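The values are calculated or read from the model by the stated rules, or taken from the named source; none is laboratory data. In this text the structure is predicted, and so the values were computed from the model without any measurement. Here the Cβ positions follow ideal geometry from the backbone for every residue, glycine too, while neighbour counts run over all protein chains shown. With ligands, DNA and RNA removed, areas are computed over all heavy atoms of the protein, side chains included. Shrake-Rupley method; radii C 1.70, N 1.55, O 1.52, S 1.80 Å.
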Amino acid sequence: MSEGEVSASLKDAPTEETDEGVTSLQSYLIGLGLAILLTLASFGAALTHVVWAPGLAVLLAVLAIAQMGVHLVFFLHVSSSPGSANTILALAFGIFVVGLVVFGSLIIMANLNDNMLPMDQLMQMQR
Amino acid sequence: MSGAVVEGAIPISQRGPASTRVVVSYGFWLFLLSDIVIFSGLFAAYAVLSQRTAGGPTGAQLFDLRHVFIETSCLLLSSFTCGLCMIALERGSQRMLYLWSAVTFALGASFIALELSEFLTLFSQGVNPTRSAFLSAFFALVGTHGLHVTVGLCWLVIMMAQVATLGLRPKIKRRLVCFSLFWHALDLVWIGVFTIVYLGVRT
């Protein structure tokens, strides 16, 4: 039983090695192609006036997030395989912290801004 | 991966410690995430301060998006050639490794040269970090990214010297894998920079 497994794993090992090599070149090529498309799309949307102006910010955000996803999957090789479970967990925590810092700062500063007196009135009160 | 073959036979709790290569990559990945958290602070500062120009020039008046597009292309292509370095490393081909590392270095160096020329043009117009809160945040964010790329270029030169003197031994291979993670992560941060800082002025 175990002998059969060992021989099977020995038989599988070399083919898997070569597969890895081929798919990684493919993955870099696919990643490059998608990244170029997404970069061109965001610059095109920003530089021309084909996109409805109020929707431009949302489109740019979607394109940027998509490109970050492409880079993570095809360049940094983050995948859903069990081998990269720890990587995914750390990444999820990183995204959580980044979201807290960025959106937390924006909300707090906007709130402070709304509640602050205009500067001339503030000067008046301090006299 | 040989891990995939063993997977069904031995449960994950009984497989023993992971290989040094896996542990090193994971540790470096944690460092990269903490680095990205630093950038998130700078992004938050920029997002809060981007309208506070104190009567000075705004982003829309300052940024040349064609220039930024060339910078973006350089960095994206260097990320790709860095991937080709990793393939050369897997195949143990030292000559291809030198070739693609040289291309990666050239593209990274042209990115830095373009960014420096942009900064020097701005400085010559009296646009500097002390002018307004917007410009402080801009130079802090883009400057920190540029500094990271510069450090990456130095690291690449050191790695090539190590490959030349020590050869492709496992320790050197692990260091090169860490370098490629670092380089790809810098490109990831640049996506945020060009979208929020440069293209954001058009919204």
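The mean sequence separation of alpha-carbon pairs under 8 Å and at least six residues apart, normalised by the residue count of chain B, gives a relative contact order of 31 percent. Along the stretch A:100-111 the Karplus relation, 6.51 cos²θ - 1.76 cosθ + 1.60 evaluated at θ = phi - 60°, assigns HN-Hα couplings of 4, 4, 6, 6, x, 4, 4, 5, 5, 5, 5, 5 Hz to successive residues, with x for each Gly and Pro. For the residues B:Tyr98, B:Tyr46, a 1.4 Å probe over the protein chains yields an accessible-area ranking, largest first, of B:Tyr98, B:Tyr46.
Quick check: from the Cα gyration tensor, does the stretch A:68-127 come out rounded (a/c under 1.5), prolate or oblate? It comes out prolate by the Cα gyration axes. Only protein heavy atoms count here, probed at 1.4 Å, and on that basis chains B and A bury about 3800 Å² of accessible area in total. Between rounded, prolate and oblate, where does the protein assembly as shown land on the alpha carbon gyration tensor, with a ≥ b ≥ c its root eigenvalues, rounded for a/c under 1.5, else prolate if a/b exceeds b/c? Judged from the Cα gyration tensor, the protein assembly as shown comes out prolate (a/c at least 1.5, a/b above b/c).
Rounding to the nearest 20 debye, state how big the charge dipole of the protein assembly as shown is about its Cα centre with +1 on each Lys and Arg Cβ and -1 on each Asp and Glu Cβ. Write down the numbers at each step before the final one.
Numbers: 15 positive and 17 negative charges, 133 e Å.
Using Cβ point charges on Lys, Arg, Asp and Glu, the protein assembly as shown gives about 640 debye.
Taking B:Trp190, A:Trp52, B:Trp155 and ordering them by how much accessible surface each has at a 1.4 Å probe, largest first, produces A:Trp52, B:Trp155, B:Trp190.
How much mean residue ellipticity at 222 nm does chain B get from its helices, if each DSSP H run of length 4 or more adds -39500 (n - 2.57) and you divide by all residues, to the nearest 500 deg cm²/dmol? Write down the numbers at each step before the final one.
On the way: 7 runs with 155 residues, N = 203.
That calculation yields -26500 deg cm²/dmol at 222 nm.
Ligands, DNA and RNA aside, B:Arg202 has an accessible area near 110 Å² when probed at 1.4 Å. Potential lengthening of the chain between B:Trp155 and B:Ala18 amounts to 46.7 nm, from the contour at 0.36 nm per residue minus the alpha-carbon distance. Shape call for the stretch B:2-122 from the C-alpha gyration tensor, a ≥ b ≥ c root eigenvalues: rounded (a/c under 1.5), prolate (a/b greater than b/c) or oblate? Oblate, because a/c is 1.5 or more while a/b does not exceed b/c.
Its alpha carbons considered, chain B gives a radius of gyration followed by a Dmax of 20.2, 68 Å. I'd like the distance between the alpha-carbon centres of the stretch A:60-90 and the stretch B:78-150, rounded to an integer number of Å. When both Cα centres are located, 22 Å separates them.
Working with all protein chains in place, sort B:His184, A:His49, B:His67, A:His77 by solvent-accessible area computed with a 1.4 Å probe, largest first.
Result of the area sort, largest leading: A:His49, A:His77, B:His67, B:His184.
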